[in-house]
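Student: Encoded as structure tokens, here's the structure I'll be asking about.
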There are 2 protein chains.
Amino acid sequence: MTINEELTHELLAFFNGFSSWENSIVRSSELTVSEAHAIEVLGEHEKINMKGLAQKLGVTTGTTTVTVDRLEKKNFARRESTKEDRRVNLISLTDLGKKAFEEHHDFHMHLTEQMTSILSDDEIKQFLNTLKKINAETF
Amino acid sequence: MTINEELTHELLAFFNGFSSWENSIVRSSELTVSEAHAIEVLGEHEKINMKGLAQKLGVTTGTTTVTVDRLEKKNFARRESTKEDRRVNLISLTDLGKKAFEEHHDFHMHLTEQMTSILSDDEIKQFLNTLKKINAETF
DNA sequence: TAATATTGTTTGATATTCAAGATATATGAT
DNA sequence: ATCATATATCTTGAATATCAAACAATATTA
């Protein structure tokens, strides 16, 4: 087995593990999976338009319309149109949405702490560095 | 921003990036997302029972029943009951399913190659090592 | 043997997603 | 300015995906 094959295997296991963890967290919350993902993205962007949100989520804009509709109905997010380009909607979290984000974010922080607890300081720095590179250059 | 906060941020970006990539790959194939995920798991396990498959996928067994139903109907997988425990179904890929796995796996290998092309040999080894630890201890 | 646990399926209700088409607005070429 | 084209978003219709809870069959334990 080459190192790339090994890495492929571990990346898939990592992705599935992360995904399973996320599902179980969401299942025990008041949010649905797609709502939680959208809130995760919105929590890290003050304001983002529909297309940008769709791209971050990896789904079509049609799907994102439905998700944001639901978030608005539940008062987690709001749309705001812009003067510069009146086609564009900027989406942002309401106070309630920010609260939901913080709660969800806490779970993520705990997961991260669980991971780093078994790594040395050096390994953590290296891991962070590598992830940064991959995120910047690959995705 | 602490290092754990940074790491949380990058992990989320990594997960979303991976997820988006996977979605776009699947969208241009003959498989649905859940079928592809199941095939990914089945491709790495000669035979696995419904509960194990559900756990790897991070969904309920009821959901997995539906997914395997569809895979069987499309002739990508088969169920096989065991003598030792007659409640248990062992799922495995058909030849057609193995072919679909290989094709999908090739895409993953390309993604991995894309990632490693921007890393040094040392970084790659370290990254693999860290992922192994996290997969073994956290998920 | 009876009670309990486990594995997998079914059921009924929602949630999720896409592709394709529609609408409104912006941009570019003439 | 005007017309053609591009872009951002939404709508529609249909197929999938998902869960929780109830159920059936088989194993295990007391």
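None of the figures in this text is laboratory data; all of them are computed from the coordinates on show. The structure displayed is predicted, hence computed values, not measured ones. Ideal geometry is used to build each Cβ from the backbone, glycine not excepted, and the neighbour counts take in all protein chains shown.
Student: Taking each label point as 7 Å beyond Cα in the direction of the beta carbon, state the distances from B:E80 to the same residue in the other copies, shortest first, in nm.
Tutor: 6.0
Student: Please report the equivalent ellipsoid semi-axes of chain B, computed as sqrt(5 x eigenvalue) of the Cα gyration tensor, largest first, in whole Å. Before the final figure, lay out the partial values.
Tutor: Details: eigenvalues 193, 67, 44 Å².
Semi-axes from the Cα gyration tensor: 31, 18, 15 Å.
Student: Scan around A:A77 for amide H atoms under 5 Å from its own, H built in the peptide plane at 1.01 Å from N, and keep only partners 5 or more places away or cross-chain.
Tutor: Amide H neighbours of A:A77: A:E72, A:T94.
Student: Here are some pairs, B:K56/B:K132; A:K51/A:K74; A:K125/B:K125; which of them have Cα atoms lying more than 18 Å apart in this structure? Mind showing how you got there, number by number?
Tutor: Numbers: B:K56/B:K132 16 Å; A:K51/A:K74 21 Å; A:K125/B:K125 15 Å.
Where the Cα-Cα span goes over 18 Å, the pairs concerned are A:K51/A:K74.
Student: Any idea what the dipole of the protein assembly as shown comes to, in debye rounded to 20, about its Cα centre with Lys/Arg Cβ at +1 and Asp/Glu Cβ at -1?
Tutor: Numbers: 34 positive and 46 negative charges, 271 e Å.
That gives the protein assembly as shown a dipole magnitude of about 1300 debye.
Student: Next up: Of the options A:N23, A:I39, A:I124, report the single residue whose Cα projects farthest towards the positive end of the charge dipole of chain A (beta-carbon charges: Lys, Arg +1; Asp, Glu -1).
Tutor: The one lying farthest along the dipole's positive direction is A:I39.
Student: Give me the angle, in degrees from 0 to 90, between the Cα long axis of helix A:95-116 and the longest principal axis of the Cα atoms of chain A, rounded to the nearest 10.
Tutor: Here the helix axis deviates by roughly 0 degrees.
Student: List the residues whose amide H sits under 5 Å from the amide H of B:N49, counting only those 5 or more places along or on another chain, with H placed 1.01 Å from N in the peptide plane.
Tutor: HN-HN under 5 Å from B:N49: B:I91.
Student: Going Cα to Cα from B:K133, which aspartates and glutamates come in below 13 Å? Please leave out same-chain ones fewer than 8 positions away.
Tutor: A:E10, A:E123
Student: Something else now. Sorting A:H104, A:H37 on the 10 Å Cβ count, fewest up front, what's the list?
Tutor: Values: A:H104 20, A:H37 24.
Final ranking by Cβ density, sparse to dense: A:H104, A:H37.
Student: In Å, what Kirkwood hydrodynamic radius results for the range B:95-139 from the alpha-carbon pair distances?
Tutor: Values: mean 1/r = 0.0815 Å⁻¹.
Kirkwood hydrodynamic radius for the range B:95-139: 12.3 Å.
Student: With the Cα gyration tensor of the range B:1-51 giving a ≥ b ≥ c as the square roots of its eigenvalues, does the rule (a/c under 1.5 for rounded; else a/b larger than b/c for prolate; else oblate) give rounded, prolate or oblate? Don't skip to the answer; put the middle values down first.
Tutor: Values: a/c = 4.29, a/b = 1.75, b/c = 2.46.
Oblate.
Student: Could you name the aspartates and glutamates whose alpha carbon sits less than 20 Å from that of B:K83, not counting residues in the same chain fewer than 8 places away?
Tutor: Candidates past the 8-residue exclusion: B:E46.
Student: Point me to the residue of chain B whose C-beta lies closest to the B-onto-A rotation axis, rounding the distance to whole angstrom.
Tutor: B:Q126, 3
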